[in-house]
Amino acid sequence: MKHKLFRLANRLLRNIPEAEDVVQEVFIRLWNRRDKLTQYKSLEAFSVTITKNLCLDRLKSKRNKTDELTEQNVKPERLTPAKAMELNDSYRMINKLINRLPEQQRLIIQMRDIEGYEHAEIAEMLNTNENAVRVNLSRARKKIRDDMQKQYNYEYTGH
Amino acid sequence: MNTQDIERLIGKYEQGQTTAKEEELLKYWFSNEEVPEQLAIYKEIFAFYDAASEEELPDPEFDRKLLDTLGISEENVQNKSGMLRRLYPAFGIAASIVLLIGVYFIFQTQQPNTGTYDDPEIAYAEAKRVLLQVSGNLNTGMDELSNVKSMSKAVDELDNLEMLDNGIKEMKKISILDKSKQMITQ
């Protein structure tokens with residue numbers, strides 16, 4: 001489960017040490033609530049929700065501190081081992097494209113296309129409805145396809 | 001699945017309307033088929049999603065750091081497992097006892113003649129036969145017991161022995177007389 005939570009945190013924060021930090025905090029919170037954990041239908045869904053909330057809190061406070069840090073202004077990222085193995089360019093390119101999406105779309109792409117959660121589960125974890133999940137998913141998928149297309153046209157038609 | 005089917009499914013996918021199963025199918029198709037040029041982008045996208053789901057938390061020290069932060073030192077964890085290790089012989093003994101009991105029961109049930117009957121009618125008949133036999137023997141035993149009556153008569157006769165007893169007491173007086181006679185003569 002720590003890998004799944006890390007992938008989500010890293011998708012949102014786009015920063016490996018910070019993402020690891022968040023995952024640790026999630027486990028600390030779970031530990032502190034260990035007596036009450038049985039009351040949750042799904043421990044995984046509960047953990048994902050905490051992870052998402054902690055990441056969004058961090059992003060919010062960061063935005064307040066440095067207004068100029070926008071979605072477009074992403075620091076160059078250190079590679080995780082899996083990424084280092086996947087040295088092919090398209091992997092890095094798609095990763096970058098997804099990381100430029102708005103938070104909500106990033107979350108939903110991560111949860112659906114990478115982790116494979118059902119629409120209903122995503123809706124519950126994001127505290128929204130299935131239709132909103134579909135709409136955001138559709139926007140994100142089209143945007144990724146368009147951006148990929150642009151990249152290819154740029155590469156093949158020359159500068 | 002031909003290319004047209006896939007293109008229709010891709011359309012549905014981009015509307016956010018595909019089910020998890022349909023998306024599995026897409027991933028599978030793009031990872032295995034020779035993909036026409038107009039769909040080449042999707043091959044890369046689906047390959048990316050597959051690889052991205054394998055990424056792991058990179059810090060190899062993560063678990064130890066977490067335990068430290070929670071105040072659960074490795075020592076505690078090791079102590080617990082050490083205690084378990086000390087209990088292993090007990091587990092072994094318990095297991096062998098269970099095994100022995102098990103073997104005993106298996107042999108018990110495997111014995112061909114256990115003196116039980118599967119058919120209730122046969123069991124009833126057999127029980128009746130045995131009971132009749134026992135009661136018959138009991139009756140002959142009772143007959144034998146009638147001799148005990150004559151023994152009781154004999155006990156009555158013994159009452160007469162009391163008179164004998166009295167006689168002996170009288171005799172004792174005579175023996176005293178006898179002793180005094182001896183003393184005198186000495």
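The values are calculated or read from the model by the stated rules, or taken from the named source; none is laboratory data. The model shown is predicted, which means the values in this text are computed figures rather than measured ones. So basically every Cβ, Gly included, is an ideal-geometry build from the backbone, and we count neighbours across all protein chains shown. Note: accessible area is taken over every heavy atom of the protein model, side chains too, but ligands, DNA and RNA are not part of it. Shrake-Rupley method; radii C 1.70, N 1.55, O 1.52, S 1.80 Å.
Would you mind checking A:LYS36/A:LYS65; A:LYS2/A:LYS60; A:LYS150/B:LYS27; A:LYS41/B:LYS43; A:LYS52/A:LYS150; A:LYS65/A:LYS150 for any pair whose Cα atoms are more than 28 angstrom apart?
Details: A:LYS36/A:LYS65 35 Å; A:LYS2/A:LYS60 23 Å; A:LYS150/B:LYS27 23 Å; A:LYS41/B:LYS43 36 Å; A:LYS52/A:LYS150 31 Å; A:LYS65/A:LYS150 34 Å.
The pairs that break the limit, which is 28 Å between Cα atoms, are A:LYS36/A:LYS65; A:LYS41/B:LYS43; A:LYS52/A:LYS150; A:LYS65/A:LYS150.
Sequentially through the range A:148-155, phi angles give Karplus couplings (6.51, -1.76, 1.60; θ = phi - 60°) of 4, 4, 4, 4, 5, 4, 4, 5 Hz, Gly and Pro residues having no value and appearing as x. Between A:TRP31 and B:PHE107, the distance separating the two model label sites (each 7 Å from Cα on the Cα→Cβ line) works out to 5.3 nm. The packing ranking, built from the mean of other Cβ atoms within 10 Å per residue, places the peptides A:118-126, A:55-63, A:105-113 in the order A:105-113, A:118-126, A:55-63, highest first.
Determine the gain in length on full extension of the stretch B:ALA123-B:ASN32; use 0.36 nm per residue of separation and subtract their C-alpha separation, reporting nm with one decimal.
Separation in residues times 0.36 nm, less the Cα-Cα distance, equals 25.7 nm.
Stretching A:ALA132 away from A:ASN99 to a fully extended chain increases their span by 9.9 nm, per 0.36 nm per residue minus the current alpha-carbon distance. Once the other residues with Cβ under 15 Å from the Cβ of B:ALA125 are scored (Lys, Arg +1; Asp, Glu -1), what is the net sum? Once all neighbours under 15 Å are counted, the net charge is -2. Taking other residues whose beta carbon is less than 11 angstrom from the beta carbon of B:THR19, and scoring Lys, Arg as +1 and Asp, Glu as -1, yields -2. Shape class of the range B:1-56 from the Cα gyration tensor (axes a ≥ b ≥ c, square roots of the eigenvalues): oblate, since a/c reaches 1.5 or more and a/b does not exceed b/c.
What total accessible surface area, summed over both chains, is buried at the interface between chains A and B, computed with a 1.4 Å probe and given in Å² to the nearest 100? Looking at A and B, the buried total is near 3300 Å². All other residues whose Cβ lies under 11 angstrom from that of A:ALA9 are scored, Lys and Arg at +1 and Asp and Glu at -1, for a net of +3.
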